[in-house]
Structure formats: C-alpha cells, structure tokens
Amino acid sequence: MINMKIKKDCLMKHKIFLLVQGLLFTGLLSAQVVHTDSTFSEKMIPIAYGERAEWEMTGAISSVKGDEMSKSFTTNVANTLYARLPGLTVGQQSGEPGNDAPTLHARGISTFGTGRDVTIIIDGFPSTLELFQQLTPQEIESVNLLKDAASAAIYGNKAANGVLLVKTKRGVNAPLELKLGIRFGMQQAMRLPDFLGSYDYAQLYNEAMVNDLGPGSEVYSPADLEAYKNGTDKYRYPNVNWYNQLLRTLSPLADYDLSARGGSDVVRYFVLLNVATNKGLYKGTEKESDYTKDFSYTRYNFRTNVDVKLSKRISSEFTLGGSVEDRVNPGRVRNDVSGEYSTNVFNLIAKLPPNAFPIYHENGQIGGNSAYYNPWAEITETGYYSTNKRSAQLSAKLIGDLGMITPGLSISGAVGFNTIYKSYTIASRDYARYDMSGQQFGETSSMSISESAYNQWRNFVVHGFVNYDRVFGEHHVDAMLMGGYEEYNVSSTDLPYKDIVSGGRLTYSYDKRYVAEFSFAYSGNDNYARGKRFGFFPAGSLGYVISNEEFLKGNKIVDYLKLRASYGLTGNKDNGSTRFPYNQYYTGGNYYLGQSNAASYYYVQNYYANPDATWEKDRKFNIGIDAVLFDRLSITADYFKEKRYDILTMPYDVLPSFVGFKRPELNIGRVSNQGFEAVVRYTGKETKDLTWFVEASAWFARNKILYNAEAPQNYAYQYRTGHRVDQPFLLEALGFFNDQNEIDSSPKQTFAAVQPGDLKYADLNNDKRIDSEDFKAIGYTDVPECTLGLHAGLTYKGFDFDVLFQGALNRSVYWSGSYFEAFQNDGQISSIALNRWTEDTKSTATYPRLSASNNLNNYQSSSFWQKNGDFLKLRSLEIGYTIPKNLTRKIKIEGVRVFMNGTNLFSLDHMDGFTDPETMTGYPAMRTVSLGLSVQL
C-alpha cells in the first residue's frame, strides 16, 4: 500500500535559498535520486547515465532482470528477450550456435533507411549487438529499454530507434555469496521440411513432365518406379533423406558458471566465470574423414566488477568483462558464400532431389553430378572454418563528492574501451564426385590452410559528468551535465568514426506529486560536412502522482496512480549514408577502343556529392499511466506517436535516370509510427507457503511512409507512399484456371503460357493484361505489428514454477525458393505439393499444377505464396525445487535448487507443420530441454 502522507523537512525555511544556490551552481540535469520515504515506490530504475526512483520516472522504460532472462536456455543472451520487454520486438533468424542473432526493434520500425536496430549501451558505454550477445544472463543485473524522448534524447543522434541499456552486476555491501550453477540440456530441431522420398518424387515428376509436354514425356518407367518403391537397389535407385544423413536427432549443450558477490563499506565486488558449449546439429564428422572437424561452439566468459571507496569523498568503479568464443564449422566457401556458417549445406539439402545420387557409390566413390555437390562430402571432405572471437569491456570511473562546496554536488569521469576481435583458420580442399554413369566432376585437391583473415571492432570513450542531487523539504532537484568523446574503429584499415557528445538533464519534483524534467543532447559526428555535424536534441516531460492528492487518501481502491507525458527530438546517425557523403567520389574502368581493342583507363563521377547530408530526426510524443489497484493489480499503459524525417532517399520523383549523372541521396524521406503498450500484472495474496502472479502484456506499432521520393507511377495503387515500411507488393491470386475456356476469357497473363491448373491473377488496371503493373500492396511485413506476452509464476513451499508465452499478430511471411517451389531449378518436392491441382482435384486443390520446368507464371510474387505469419510460442517453462535450508546448512551450504527447463517448446501457427514461422529456411529453430543445479555456498 502507498501511504499518502508526506513528511516535511525541518529545513523548509531555507529551501528557496538553497534551491536557487544549487541551480545557479549547476544549471544542469539529474543523475541520481536518494529518498527516504519508504511509503512510496523507491525502487531504483536504471536510466541514461544514472538511476531514478520509480515514482519519479516521467519517461517510458521497460525493464527485465538478468535472473528472469536465465529462464530461457540459449547461448545467445539476446534470444532470452522474447516478450520480456514491452515495446521490444525480437525476431528470431536462425537456431545455429554463433549465428543466431535476432533482430531487435523498439516500438516497431520508423524508417525505410538501413539503420533500424536499437542502440546498445553496456554499463554506460556505447556498444554493439554483437558485444551484447557475448554476455551471459548470469552477469547481467538488468536490461532496460528506453523508448521515448524523455528517457533517450540525451543519447542524441543515437536515440531515434530506442536504446537498450544493459547493466551488469556489481558488488554489494554484504558477506560473500558464492554461487555455482550447472545446466545440461538437449536440443532438437522444432521442424524440418517434409520432402518427399524418391518414389513419390519420381511419380510426381512424371506427372509434371506430362503437364508440360504431354503424354509420352515421362522420365521414369514403371520399372523405375517399382525399384524406388521397394528400395532394393540403393545405388542405382537411391532414396536419400539428407536431413537424416547429416543431422542428429538430439544435440547436447551445457552451461557452467561460478560467481562471487559481496563487499564492505570500502570494497564491493562481483566476479564471474562461465562456460557455455553447444555441439550443433551435424553428426560427428571428424571420425569419418581426415579433412574435417566436428562442429563445436564453446564460449568462456569472465567478469570482475569492483567498486572501491578511495577516501571519504572519492570512490571508484572498475569494470572488466570479456569472452573467448571458439567455433568450428565443417565446410568451405561455395558460390561466394562463406563456409563460416551452415548456409551452403542447408541450401544444398533443400534443393537436392532424393534420387539424384547415393552418398557413396558401390565402389566407394562419392556421389554427385554436374548440378549438385554431395552434402555429406561437403562437411566431411572440404575442410572447415574455425573462428576465434575475443571480446573485452574495460572501464574505469572516478566519482568525487563535492559536498563541501554544497551538499548533493559531485563530479565524475569515466573512460571505457570495448573491442571484438575475430580471427579465422580456414582449411579448404575439394573432392571428385561421380554421377550414376560414373562420370567424374571436380578434382580432388590437397588441403590448404589460411590464417590471415580477421576483422575487428573497437571503440574508445571518455565521459565527464557534473551531478547535483538535493532535497529541500518538499522539493527535490536532480541535475546532471555530461560531455565526452567517442571513437569507433570497424577494422584496422578504416578511418575511425568520431563523435563529440554532450547533454544534460534537469528534474524537479514537488511534494512527491509533481515532476518536471528537461533533457537534451548536443552531439556531433565527423561523417558530415562542416556546419552539418552538430545537432541539438531536446526533450521535456511531466509526471503527476495523483494518488498523493488529498482527495485520494484513505481510499480502498487506488494505491498508486501516476500520469506522465513526454515530447522531444531524437536522431539516427546510422542512416546508411556513404562515408563522408559531402566528398565527391570517382570510379574508374576501361574503355576498349579501335581495331586493336586497346584498353584506355578512365575516371567518371560516382554518386553526386551531398554537402547537406545529415542524420535522420524523430519527433517523439508519449503519454502513459502507471497504477496499482487493490494492492494487487498493477497497470502500465502508454500511447506513442513518432514522426521520422530527413530519411536519406534517392529523389526519383524529381531527378529521372536520364539526367546523366548518379543522383545523390537526399534527406527528404518521412515516416510516421504510432501505437500503444500495456502491461497488467496481478499478484496473489502471499501466504507462508504460496506466492503467485500472472502478467499479461501487449504492444502494437504501425508505421506509414509519408514521403519517399519514389518515381512517378502509372496507377495510384503502385505507390509505396502511404503504406508500411517494407510493404509487400504482390499479384492478387484469384485461384486456379480450371479449363481452357476460363483461360481464353481471362486477361492475358504475360509471364508465361498458361494452362489449366495454373494460377490466375487479378487485372488491377483493366487493360486485359497481367504484367508488372498489376502488383499492389497485400498483407503485412514479417515484423509483427502486435506482440503479446503471458507470464505466470508461483512458489509453493520449496517448489517454483514459471512459464512465458509469446504471440505475434499482424505478420505475413512468404513461401519461396526450393523449400516450397516443386521441381523448380531441378529441385525437389515437399509434402505441401501433394494436394496439387489435377483434373480430379480441381475443386479441392491447394497447390498449382506440377511443372518440371521453371514455371514463370505460378511462382510470381503473389498473394498465393504469402502466408499468415502469426504465431503463439511457449518460450520458456521452468519447474524447480529448493531443498530446505535446515538440511543444506548441515553441510555448510546456504541453498540448493534443482530445476528442469524447456525453451521454445512449441509453436501454434499457420505453417502446416512444415517450417517455423520465424526461421523458415536454413538452420532450423531449436527446442531445448535441460536439467540444472544451482548451489549457493
């Protein structure tokens, strides 16, 4: 319960004098709040460059603790955030260890430019998603999403896409707490494509040939079909399920951590060691060949965070964190695709017909043909990619208390260095493969090893702060001013990116009822021309704690009620511009002239220089409410509206291609984005043995392109303006042609000759032709407009239970490529094509007629292949038991907990069980079941 009584300060008579003194001395903004009234929500929430009492928050911030994130068992910490941070849309990309980075979007997408992801700040210093992914939940105190201008504007030209504020654990003034954690689990592919075997393949291929060329064109004889059916000759009539041959059913992973936390008034510390391993889906290959290594992923994490009070008025904070990641992937470069990840092999499996060739021929030769390599040989005979990634986060901060000048005044300085270095060992060779007739393709070569490849990212940051935090009776003033220098290097050969940052925040609250805050950033970036490098990003916000008013005191319904609103300007420097766009660049080449065809070198102007180029800007408005009712029900709701402008885009509408030069990108694009967020949590009445809660959350964001300078179109429905960012433009499929009369009476489809069973499309412009001018906006993008979460937990005596569901709505995905297009590019066929159109199934068919040739009509981008991408997933489920302390203390152990966890257990969706709605192709999404033990010494 929140008590409405406000204590009066005995120094009230001096408050005006002291307030003016403080403001004149600093004139600045807030960083830290200290309150003593325990009847209000004094929980401290991390904010930009500091922390703030929850009741005094005026911005929109979502938070999750590292302990909650650990309930999802994955080697990538970013994949623990599904449905845990309202406003953050997390998109799974792959399940491959070391290549499973999700997309992170705060409040949807507000730009059609390239820079859309949130800004990552770790322990106060700008970082990257890759560095965040190297952390473990065990070393994270909290992850906080800054969503509106009030919370994020101080980050200036890095704030428009939201800010993910990561705070690692630090020491506490308490006796040593030593924790040991062990977790072991097994992973399984949630879904693998259901490709048909050789008999069905051959039978349906004959049908496709007859559809294309007529009776008599069958490729497989009845004897061939019978041989495939009875499977007695696996060499001449192979039936290879490549997924079964290459992949294991279960893949082991493990996590081990040891941490120590404690301290005194003088020294506080947190130390962690962690090891994570994942063996991946490939079967063991090292035992099969001398030219490969088994897939493996291992990461070692370490952290030492130490806070030291150096004197009565000087304290320090030291942070040292890092990781070493070793990863081995069998395979080599193919078709300009790196062998570092499994892309090549999984793409090959998806294309290769089951009867193309056996793994090995009867004489031991490797199977293959002119069109396809052998997937098994690709991981056993071609070498391997070994990568070693080293990351480090180092920082030091000194804080000086200037209370002898005026109480509440302090200064601080911080220096930080972050780096990720990745080196490669690339072993590569080739092999000879043989088709069914014995013809050889390719040559066997010796192994070559290269260790010269590497890449690196690093930054160097210096920040300085002046802080003022003072209570004058019923008045509280919190102020902070900061400035600094930030430098980024992408590799050893690139020029560094340099930023000058400055900003501040001033917060004033009265009587724990009224809160006003002004924040700003004045930041500059060296990528732009002089006069365009610096920008001012202000934000203002208000908060009103209504529950502290006299008229609500003593009521039995409203325990806490606060309104808040903010408005401000933020920027996005990651706008996709070239390096130094104000410079004119030239490109060269050769003209071949005369009868001798002699080469003459030339220079020509590249994209026209743009001295006015700058970053994107975003005006953000937010209004929210926080409430606690009946001492049990908590509600947080926000409405937001954003207007992004100065988005870089080509001026196609005013400068056509025939102007004779490459057009510059101009800051003329505009996008609007608006939506809401809501979280409702009910906490049950606590008893001696039982505690429980249920929390439901939802967030929604819809954007619209207001202007993108697109070229003039013949019809209004062809414009992207007015639609979503990345809106799919497709042909509208009307079903199948059922007979020749229907074809003759319909508009002419110009992509290819059509016949019964082919897809029929809508003629949008009524010109009696189906062509490129009949595409229109259909469906959603693959980024959901709405995300839902349901989180529940309970404890009963020693048992505990926690479950998290995530849902995604207003989302479309597209079925394309070898997984879905039967026989195209000499590929295979899956079970989704079984209900294809035939004369006998024309009334119930859900798939077009089969075609053995590349069908340019049926596989046009159309609404037929666009699918509902909505889903509901069980992201985590954990059941644990804590052994009574009276038993564990007998052996001098403070606590022991055993638990079982499931991550990504199932998905309810519209994919017909064929693929995952997020990870549709390539390395599949993974389901994990694990057992764990946590010991506190």
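Readers should treat all values here as calculations from the given coordinates under stated rules, not as data from a laboratory. Every value quoted in this text rests on a predicted model; they were computed, and no experiment measured them. Here the Cβ positions follow ideal geometry from the backbone for every residue, glycine too, while neighbour counts run over all protein chains shown.
Okay, here's what the table says:
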| item | result |
| --- | --- |
| Descending principal axes extents, the range 780-937, alpha-carbon based, whole Å | 77, 31, 27 |
| Alpha carbon convex hull of the range 299-422, volume per residue in cubic angstrom | 140 |
| Under 11 Å, Cβ to Cβ, from His910 - net charge with Lys/Arg +1 and Asp/Glu -1 | -1 |
| Tensor-based shape of the range 697-741 (alpha-carbon gyration tensor, a/c under 1.5 rounded, otherwise prolate or oblate) | oblate |
| Rg over Rh [alpha-carbon atoms, Kirkwood Rh] for the range 787-850 | 1.35 |
| For the range 684-805: rounded, prolate or oblate by the Cα gyration tensor [a/c cutoff 1.5] | oblate |
| Over 23 Å (Cα to Cα) - which of Lys797/Lys890; Lys65/Lys873; Lys643/Lys873; Lys169/Lys890 fall in this group | Lys643/Lys873; Lys169/Lys890 |
| Alpha-carbon centroids, the range 191-244 and the range 113-152: separation in whole Å | 51 |
| D (Stokes-Einstein, µm²/s), Kirkwood Cα radius, the range 491-628, 0.890 mPa s at 25 °C | 122 |
| Whichever lysines have a C-alpha closer than 17 Å to that of Lys283, once near sequence neighbours (fewer than 8 apart) are set aside | Lys293 |
| Rg and Dmax [Cα atoms of the range 253-325; Å; Rg one decimal, Dmax integer] | 19.8, 66 |
| Aspartates and glutamates whose Cα lies under 18 Å from that of Lys179, excluding same-chain neighbours fewer than 8 positions away | Asp67, Glu68, Glu139, Glu141, Asp255, Asp257, Glu894 |
| Unsatisfied cross-links (Cα-Cα over 20 Å) in the set Lys562/Lys617; Lys279/Lys389; Lys760/Lys867; Lys532/Lys704 | Lys562/Lys617; Lys532/Lys704 |
| DSSP bridge pairs, the chain: antiparallel proportion in percent, nearest 5 | 95 |
| Calculated P(r) tail over 15 Å for the range 827-903, as whole % of Cα pairs | 75 |
| The range 695-762-the range 448-509 distance, computed between alpha-carbon centres (Å) | 46 |
| Residue order, fewest to most surrounding Cβ atoms within 10 angstrom, among Val267, Val471 | Val267, Val471 |
| Assigned charges on the beta-carbon of Lys, Arg, Asp, Glu; the chain dipole about Cα centre (debye) | 3600 |
| Computed helical MRE - 222 nm, the chain, DSSP H runs ≥ 4 contributing -39500 (n - 2.57), nearest 500 | -2000 deg cm²/dmol |
| Pairwise centroid distance, computed over Cα atoms, of the range 878-898 with the range 270-294, Å | 33 |
| Burial ordering of Ser423, Ser110, Ser577, fewest other beta-carbon atoms within 10 Å first | Ser423, Ser577, Ser110 |
| Spatially proximal aspartates and glutamates relative to Lys620 (Cα-Cα < 19 Å; intrachain offsets below 8 disregarded) | Asp117, Asp148, Glu517, Asp574, Asp638, Glu642, Asp646, Glu677, Glu785 |
| Share antiparallel - DSSP beta bridges, the range 599-671, percent rounded to 5 | 100 |
| Gyration tensor verdict on the range 520-586 (Cα atoms; rounded if a/c is under 1.5, prolate if a/b is larger than b/c, oblate otherwise) | prolate |
| For Arg332, Arg702, order by how many other beta-carbon atoms lie within 10 Å, fewest first | Arg702, Arg332 |
